[in-house]
Amino acid sequence: MAIAKMKFVRVYGPVSKIDDFISACCLTGEFHPENALSYVSASLGFTRLDGENPYTAKLQRMEELASVAGASLDDDVDVSHFKPTDLDENMVEESLEKMKGFHKLRSELTEEIEFCQKEQEQYSHFIGLTASIKELLDCDFVRVRFGFMPVECLDKLAAYENKENFVFVVCEKTDKTVWGVYVAPRNTADRIDRIFAGLYFERIRLQKESGTPEDVLKMVADEQALLNDARQKLDAEISAFWKARSDRFSELYTFLKQGSVVFDLRKYAATDRSGKSFVYTGWIPVKSVKRFETRIASVDEVSYELSDPSEDTHGTPPVKLENKRLFRPFEMYVSMYGLPSYGGVDITPFVAITYSILFGIMFADFGQGLLLTIGAFILYKKKGYGIAKIMVPCGCCSTFFGFVFGSVFGFEHLLDPIYQKVFGLPGKPIEVMDSINGVLLMAISIGIVLVAVAMLMNIVIRLRSKEYGEAFFSENGLAGLLLYAALVSCIVAFMGGVTIIPTPVCIVMIVLTVPLLFCKELLIAKIQHTGEAKPESVLDFILQNFFELIEYILSYFSNTVSFLRIGAFVLVHSGMMMVFFSLAGNPESPSEVSPGGWLAIILGNVLVMALEGLLTGIQALRLEYYEMFSRFYDGDGRPFTGIGRPEGKHTVITTIKKISRRAKRRAAAEKANGSM
């Protein structure tokens, strides 16, 4: 539950060894590179180590080959035995040309198959004709047109039958469309074509095939079967061709990809005027120093220097959070707002605890919480979603508070026997709809406590960073905390509640803290030496600080009242379940639910879980960011981005780690065999 301590490292060596250094030391996820030019003097003539990546074009050809083959390349294979001399570019080019030939032939076969399918669809509408299509289309004195039109146009066509010389034969008719053929004398065919065009007749141009439509369909089906058979044989040939070379292709691809990654990492290096030496800089966690020293010792002619962040004047170290497994998923929420500065305080445990509790109170249902916990756990195990892992503790808190509120999928008294027999209570501890004021007061109390905790955390953080003025005199410092406590105590006493702080003491606290907050800029500047303490204009100073003081008091009020949403969501949850239970007949127990009532209850639970789960997650995060983070957290740190950190199953660094393990296993096996 802290921020990892860092060491700054400078590496020196000949350029000929830079790839060996990067491969050995920079692909472990424990090295954060920095631009070396920022850490060496420009007067020494150092320049960036540039160059065109020689692996890019080769990788593109390999990917093009896989794309043409319709296959995928595995970048997670053992290439520890692979050498640059094994790189057979001619094999890749020859395979690519061969595969392109296969692809061209397959495309042609596919086009022919699609043409056959189109013909079958066209001829299938005219099966009723017994005449040969070729004979009909070759008539000398009449013109024959095949096509279709909307079925409602048949009635309009009847009006022309007695006036014009043509014959229309219906071959197929559906609810919307009629397919058929019309015959007209050649000398009047153009006029007849215009009439049918006005009736939205769309002509189908059939091929001059010998035989009836039924004969043609059979012939086309036979042709399509032959084409399908040819394509299947070609697919088998392509598959066999790829399978015979896939292992070699994967080795080539993995080797090229690793080489490309290593070469791209050269951009962080600087080289001297001669171009023979390089300087590489970066950060490594203190816990990883020994492993780094072991790896770099295996690279000849390379030296290094380690220094503490305080000894280095160029920039600040990156931030790497280190938390227990339970808190680790909540690092995502912290990173979304901004990482803490190096040497600051990691607030991930605070976020994990408060977010889970707030979510649990607002989504308080024993059954729904248990279902959320199980579902989130399964989803995380199956898919690895980070948000699912966050929902596991949130679901546990929902289950706990659901037990406190006595709600199980909306059944409000299902747990009464447990309260009575185990705890000796007459019923459930809290009846939400009968204690609306109590629920809202509970929400406000939670807000008061969390706002006060946020101020305390701000004081601690400022003291650790030696910002004593901010710690004591700011609106979120000691002066602000005392003023907030006094105001809360006065409001509680005014509303007839328990007196937290005696009224005379509250008055003294207000009288002392208000002037301190009014003059906080002068006091902070004086203590922290951050600027000129004397204001330029007294009037501007008075007006500005007066309105800022009012803003501070209003922010105390608004931030606290914002926590009312906790109680509001508790009431909304109970109210929505009451609506669905009223549709189900207001059953007291599952045994009283009718079949139709079960439908209402199940749909209600699904809707409430989906809607409230989303809104509760958003509102709990809003309370974290706006009501608490804004009081003590800056989030101005920059993330530690270790090169090669595994983001998925098949990555270069994963491959390298597996290769290392395999090499160790092979060496152990060879040693064992040699001793036998």
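The values are calculated or read from the model by the stated rules, or taken from the named source; none is laboratory data. This structure is a prediction, so every number in the text was calculated from the model and none was measured. FYI the Cβ positions are ideal-geometry reconstructions off the backbone, even for glycines, and counts take in every protein chain you see. SASA here: full protein model, heavy atoms, side chains in, ligands and nucleic acids out. Shrake-Rupley method; radii C 1.70, N 1.55, O 1.52, S 1.80 Å.
Coupling constants for the stretch 471-481 follow from the phi torsions by the Karplus curve (6.51 cos²θ - 1.76 cosθ + 1.60, θ = phi - 60°), and in residue order they are 5, 9, 10, 7, 5, 10, x, 5, 5, x, 5 Hz; glycine and proline get x. Across the chain, C-alpha contacts under 8 Å between residues 6 or more apart give a mean separation that, scaled by the residue count, equals a relative contact order of 21 percent. Aspartates and glutamates within cross-link reach of Lys233: Cα-Cα under 19 Å, excluding same-chain residues under 8 positions apart? List returned: Glu108, Glu111, Glu112, Glu114, Asp222, Glu223.
Peptides 488-501, 405-418, 466-479, 122-135 ordered by packing proxy, namely the average of other Cβ atoms within 10 Å per residue, highest first: 466-479, 405-418, 122-135, 488-501. Extension gain, Val404-Val606: 0.36 nm per intervening residue step, less the Cα-Cα distance, totals 70.5 nm. Placing pseudo-labels 7 Å out from each Cα toward the beta carbon at Glu93 and Leu554 gives an inter-label distance of 7.4 nm.
Note on Met332 and Lys156: the model spin-label points, each 7 Å out from Cα along the C-beta direction, lie 5.9 nm apart. A viscosity of 1.002 mPa s and a temperature of 20 °C, combined with the Kirkwood radius over C-alpha pairs in the Stokes-Einstein formula, give the chain a diffusion coefficient of 63 µm²/s.
Looking at the stretch 128-243, the pairs of alpha carbons with a distance over 23 Å make up 45% of the total.
Each of the peptides 49-56, 355-362, 615-622, 393-400 was scored by the mean count of other Cβ atoms within 10 Å over its residues; in descending order, highest first, they stand as 355-362, 393-400, 615-622, 49-56. Across the accessible surface of the chain, with the other protein chains kept in place and a 1.4 Å probe, carbon and sulfur atoms take up 59 percent.
The packing ranking, built from the mean of other Cβ atoms within 10 Å per residue, places the peptides 247-259, 291-303, 422-434 in the order 247-259, 291-303, 422-434, highest first. Potential lengthening of the chain between Met578 and Thr499 amounts to 24.7 nm, from the contour at 0.36 nm per residue minus the alpha-carbon distance. If you plug the beta carbon distance of Ser107 and Glu63 into 1/(1 + (r/R0)^6) with R0 = 30 Å, you get a FRET efficiency near 0.95. The residues of the chain present an accessible area of 54 Å² per residue when probed at 1.4 Å with all protein chains retained. Based on C-alpha pairs under 8 angstrom that are at least 6 apart in sequence, the stretch 139-218 has a relative contact order of 40 percent. Partner aspartates and glutamates whose Cα lies under 15 Å from the Cα of Lys176, excluding those fewer than 8 positions away in the same chain, are identified as Glu152, Asp155, Glu202.
Using only side-chain charges placed at the Cβ, +1 for Lys and Arg and -1 for Asp and Glu, the dipole size of the stretch 395-505 relative to its Cα centre rounds to 320 debye.
Working from the Cα coordinates of the stretch 377-496, the gyration tensor eigenvalues give, after taking √(5λ), semi-axes of 37, 26, 10 Å in decreasing order.
Distance between the 7 Å Cα→Cβ label points at Leu44 and Leu571: 6.9 nm. The charge dipole of the chain, taken about the Cα centre with unit charges on the Cβ atoms of Lys, Arg (+1) and Asp, Glu (-1), comes to about 1940 debye, rounded to the nearest 20. Backbone geometry of the stretch 199-213 corresponds, through the Karplus equation with coefficients 6.51, -1.76 and 1.60 at θ = phi - 60°, to 3J(HN,Hα) couplings of 9, 6, 7, 10, 7, 10, 8, 7, 6, 7, 8, 6, x, 6, x Hz, x marking Gly and Pro.
Between the amide H of Cys171 and those of Trp179, Gly180, Val181, distances stay under 5 Å, these residues lying 5 or more places away or on another chain, with hydrogens modeled in the peptide plane. Checking the Cα-Cα distances for Lys320/Lys382; Lys267/Lys287; Lys5/Lys287; Lys5/Lys324; Lys267/Lys320 against a 18 Å cut-off, the pairs over it are Lys320/Lys382; Lys267/Lys287; Lys267/Lys320. One decimal place: the segment Leu379-Leu463 gains 26.0 nm when fully extended, by the rule 0.36 nm per residue minus the C-alpha distance. When the stretch 441-569 is described by a simple charge dipole with +1 on each Lys and Arg Cβ and -1 on each Asp and Glu Cβ, the residue from Leu450, Ile553, Ala525 located farthest towards its positive end is Leu450. Which parts of the stretch 253-292 would a label at Glu301 reach, counting a residue when its backbone N lies under 11 Å from a point 7 Å out along Cα-to-Cβ? So the set is 276-278.
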